[in-house]
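Chemist: Here it is, the structure in full.
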Amino acid sequence: MDIRHDTAASRFETTVDGQLCVCQYRVFGKTMMLTHTGVPQALRGRGIAALLVQAALDHARAKGLKVRPDCSYAEVYMQRHPETLDLLLA
């Protein structure tokens with residue numbers, strides 16, 4: 001799956017079956033706030049949201065950012081993947 005980083009729109013995105021899937025964020029200083037993960041209903045259950053959130057977390061790690069998961073999906077994802085918890089904003 002081709003995950004793209006659209007810096008102008010502050011999101012990671014991919015198109016699957018002609019439908020846009022996104023993980024939106026905002027950066028304030030050294031904090032990346034994950035604000036929304038959206039995958040159309042027809043595409044859910046394929047792991048697309050997980051790939052988008054992981055791409056955002058990989059970016060945060062590479063840039064030395066801490067993460068505040070304001071999106072409930074991103075929060076649950078991080079809890080299920082303890083290797084990402086070091087990124088959480090204290």
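Chemist: Sequence-distant or interchain residues sharing an amide H contact under 5 Å with H81, placed H: which?
Modeler: Under 5 Å from the amide H of H81 lies no amide H from a residue far enough along the sequence or on another chain.
Chemist: Also, I was wondering about something else. Quick check on the chain: what are the equivalent-ellipsoid semi-axes from the Cα gyration tensor, as sqrt(5λ), descending, whole Å?
Modeler: For the chain, the ellipsoid semi-axes come out as 21, 14, 10 Å.
Chemist: Using a basic spin-label model with each label point 7 Å from the Cα along Cα→Cβ, how many nm lie between S10 and K30?
Modeler: According to this spin-label approximation, the distance is 2.0 nm.
Chemist: OK, next. Please report the net charge: other residues with Cβ closer than 14 Å to the Cβ of P40, K and R +1, D and E -1.
Modeler: 0
Chemist: S72 to A90: extension gain in nm, 0.36 nm per residue of separation minus the Cα-Cα distance?
Modeler: Extra length available between S72 and A90 comes to 4.7 nm.
Chemist: Out of residues 5 or more away from V16 or on other chains, whose amide H comes under 5 Å of its own, with H placed 1.01 Å from N in the peptide plane?
Modeler: Distant-sequence amide H within range of V16: C21.
Chemist: A follow-up question, please. Could you look at the chain and say what percent of its accessible area is carbon and sulfur, using a 1.4 Å probe and all protein chains?
Modeler: 51 percent
Chemist: Ok, one more. I'd like to check one number: the per residue accessible area of the chain, probe 1.4 Å, reported in Å² as a whole number.
Modeler: 57 Å²
Chemist: Step through the residues of the stretch 35-41 one at a time and calculate ³J(HN,Hα) from phi using the Karplus curve (6.51 cos²θ - 1.76 cosθ + 1.60, θ = phi - 60°), rounding each to whole Hz and writing x for Gly and Pro.
Modeler: Here the 3J(HN,Hα) series is 9, 6, 10, x, 10, x, 3 Hz.
Chemist: Per residue of the stretch 57-70, in order, report the coupling 6.51 cos²θ - 1.76 cosθ + 1.60 (Karplus, θ = phi - 60°) as ³J(HN,Hα) in whole Hz, putting x for Gly and Pro.
Modeler: Residue by residue, the stretch 57-70 yields 5, 4, 5, 4, 4, 5, 8, x, 9, 8, 10, 10, x, 6 Hz.
The values are calculated or read from the model by the stated rules, or taken from the named source; none is laboratory data. Here the structure is a predicted model, which is why all the values come from computation and not from measurement. For neighbour counting, all protein chains shown are included, and Cβ atoms are generated from backbone atoms with ideal geometry for every residue, glycine included. Side chains are part of the model used for accessible areas, which takes the heavy atoms of the whole protein and leaves out ligands, DNA and RNA. Shrake-Rupley method; radii C 1.70, N 1.55, O 1.52, S 1.80 Å.
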